[in-house]
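The values are calculated or read from the model by the stated rules, or taken from the named source; none is laboratory data. Not measured: the values here are computed from a predicted model. Note: ideal-geometry Cβ built from the backbone for every residue, glycine included; neighbour counts use all protein chains shown. Accessible surface is based on the protein model in full, side chains and every heavy atom, while ligands, DNA and RNA are left aside. Shrake-Rupley method; radii C 1.70, N 1.55, O 1.52, S 1.80 Å.
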Amino acid sequence: MKSDYGLSVWGGGNFEIEGDSVIVNYGTRPALLEIVKEVRNSGYKGPVLLRFPHLIEQQIKLLFGEFERAFDEFEYQGSFNAVFPLKVNQFPNFVSRVTDASSSYNYGLEAGSKAELIIAMANTPLGAPITVNGFKDKEMIVLCFIAAKSGHNITITIEGLNELETIIEVHKEFGINFASTQLPHIGMRIRMHSAGVGAWAKSGGYSSKFGLTSTELLIACDILKNEGWIERFSMIHFHIGSQMEEISPLKKALREAGNIYADLIKMGASSLSSINIGGGLAVEYSQIPKSQTRNYSIKEFANDVVYLMKDISQSKGVKEPNIFTESGRFIAASHAILIAPVLELFSQEYHEKSLRVKESNPPLIEELFDLYENIEKSNAREYLHDAIDHLESLLTLFDLGYIDLEDRSNTEILVNLIVKKAIFLLDTKGREDLKQIEDKIQEKYLVNFSIFQSLPDFWGLGQGFPIVPLSHLSKEPTQAAAIWDITCDSDGEIAYNSKAPLKLHDIDVEKEEYFLGFFLVGAYQEVLGMKHNLFTHPTEATITFDESGEYRIESLLEAQNLMDILDDLDYDIGIIDKKLKSNIEESSLSEEEKETLLGKLYLYLSENSYLKTIQASRG
Ligand SMILES: *Cc1c(COP(=O)(O)O)cnc(C)c1O
């Protein structure tokens, strides 16, 4: 049976398998392989991150569309607004596409630090919302005042009472002559009684790092009233955590926030008009049918939010709040794919052609030959067990000096071949013993990328990402696969997992190229990526589609070259340059030899750190 690599589970119709290849289900439906080859033909080797802005736009449209539909359906009075939380992806070639797509929706940005605030101030169209969360110092609040005064619609979400005091202080020192409409809006993050969700549960709940308790909310309202700021208090905010797999914690949080909203209005927060429900809308990463991790649809999500807000507002007799969301993962994840070439398969030393058959082999090895030649479905279990027994015996014989290194190599090859054949012949379903063996004999695919740089959430949280080969898809994949990256860290591995088995094709990388696509990597991975071993952010390209549906490669940005990487670590690259050069120039080599060495050296210094080639054609 051909594998669809779970596309029907996680793919959202964005990609399809057609013939041998994965194609982009858009425009003229180009194959990903074709795009990657074009990028590589312009000289860029190593892993490539492809961005698809049409998928960013699609997600924004979906989010707004579903809420607008729900608003109509429930005859909801408030407005729908959204901001993109920059911490999910701050890379310029992503952010510029978000803001391109956002102008038709009045879609803004959310900032959690001063640097993110600067991005928001420079990229958000005037009038579109900016929200500012996280811990803030006086300087950050001054920046918010500057943004407001220069025409931005900005809301400072206060996380603690001290921030409110700082706002009032900044106002007195700096903004005293600002018209009230030139001041930032105030939001208050509420510390939820209901707990947060998932691996990110710390974002919500009583023990959360963030937000005001109900007592603090009341104090904050008093301060705002006394200081004449209550008119600027427009929003309450909560965020229960990322990758919310179930909808029920959100519903609980919505009830809690809805009641707080209504009560604050009744107590005199006359301008309070919005509830910001944070992010958390989940992405389906599972590659296995029937094991979806997200148990709700975007439609259900929108319906629940709108229904609950309407219900609470009606029963408490207040105006229905405008709704803000800060979904990040949902908007960004699907837009980026990391594509990396397989460099080598690591059980090739276990190939028949590597056997060194002698005139006379030890009897147990002769038996292994027999087992290998005669194994078939009916005897596979028995032969498998015999082979494993023989392996133990032969290794003992080696330790005792009775067989030599060539015999030992033949043993390893033969046993490996027999086990693989047996597993192939047998049905491993429900057979724990066989599965354990299967787990041990996977093929290791060495892939030209760094897990630490490109899939940090796999390393840090065990978050799986869909993996699909870009070619060979009309053939059944036969190899249980583990993935090795090129860092020299043993954590740089995606081990084979029999619960979510990855099967890849048996290929000869000396003869043909084989690329793996790692999908849904557009959220969080890029900026969390670490330069372990000094592998940096990969080469990236943005793929757009013109009117006739043809794709275009834009904004090609090569991974940093070696000297820039060292410069970033604050090495004095002038000194490095001089040292490398003088080592060669002051050597006793001939002028011609010096020239050759220097030529090569400077060529390589200008290239990135990913592998170019192992054999001539790859990398
Ligand atoms: C991280 C974060 C978000 C985004 O969460 P997603 O799960 O990516 O949607 C939204 N709001 C706040 C306050 C956050 O900290």
> Given +1 on the Cβ of Lys and Arg, -1 on the Cβ of Asp and Glu, and no further charges, what dipole in debye does the chain carry about its Cα centre, rounded to the nearest 20?
Replying inline: 2540 debye
> Dividing the convex hull volume of the Cα atoms of the range 56-126 by its residue count, what figure in Å³ per residue is obtained?
Replying inline: 91 Å³
> Rg/Rh for the range 201-330: what does it come to with C-alpha atoms and Rh from Kirkwood?
Replying inline: 1.02
> How high is the FRET efficiency from ILE584 to ALA122, r the C-beta distance, R0 51 Å, rounded to 0.05?
Replying inline: 0.70
> Using alpha-carbon pairs under 8 Å, 6+ residues apart, how would you state the relative contact order of the chain in percent?
Replying inline: 17 percent
>> Among 42-52, 261-271, how do they line up by average Cβ neighbours within 10 Å per residue, starting with the highest?
In response: 42-52, 261-271
> Where in the chain are the helices, taken as whole DSSP H runs, whose Cα atoms extend 24 angstrom or more along the long axis and whose Kyte-Doolittle mean reaches at least -0.5?
Replying inline: 53-73, 248-266, 298-316, 380-399, 405-425
> Arranged from highest to lowest average of other beta-carbon atoms within 10 Å per residue, in what order do the peptides 512-524, 350-362 appear?
Replying inline: 512-524, 350-362
>> Quick check: residue separation of ASP567 and LEU218 times 0.36 nm, minus the Cα distance between them. What number comes out in nm?
In response: 120.6 nm
>> Skipping prolines and chain starts, which residues have an amide H placed within reach, meaning under 5 Å, of the one on ILE158, given they are 5 or more residues away or on another chain?
In response: GLY187, MET188, ARG189
> Where Rh denotes the Kirkwood radius from the mean inverse Cα pair distance, what is Rg over Rh for the range 562-617?
Replying inline: 1.04
> What percent do you get for the relative contact order of the range 352-439 when only Cα pairs under 8 Å and 6+ apart count?
Replying inline: 39 percent
> Per residue, how much accessible area does the chain show when a 1.4 Å probe rolls over the protein heavy atoms, in square angstrom?
Replying inline: 45 Å²
>> Give me Rg/Rg_expected for the chain, where Rg uses Cα atoms only and Rg_expected = 2.2 N^0.38 Å with N residues.
In response: 1.17
> Using just the C-alpha positions of the range 476-619 as equal point scatterers, what log10 of I(q)/I(0) does the Debye formula give at each q in 0.13, 0.16 1/Å?
Replying inline: -0.90, -1.17
>> Check which residues have an amide H placed less than 5 Å from PHE84's amide H, if you skip close sequence neighbours.
In response: GLY108, LEU109, GLU110
> How do 119-131, 561-573 rank on mean C-beta neighbours within 10 Å, highest first?
Replying inline: 119-131, 561-573
> So what is the orientation-averaged projected area of the range 104-255, using the convex hull of its C-alpha atoms, in nm²?
Replying inline: 9.5 nm²
>> Beyond a 29 Å Cα-Cα separation, which of these cross-linked pairs lie in this structure: LYS114/LYS209; LYS420/LYS531; LYS61/LYS310; LYS353/LYS503; LYS377/LYS444; LYS435/LYS511?
In response: LYS420/LYS531; LYS435/LYS511
> SER96 versus SER270, label points 7 Å from Cα toward the beta carbon: distance in nm?
Replying inline: 4.6 nm
> Amide H to amide H, which residues 5 or more places from VAL521 or on other chains are under 5 Å from it, using H placed in the peptide plane?
Replying inline: ALA336, LEU338
> Simple spin-label model, 7 Å along Cα-to-Cβ: PHE369 to HIS472 in nm?
Replying inline: 3.1 nm
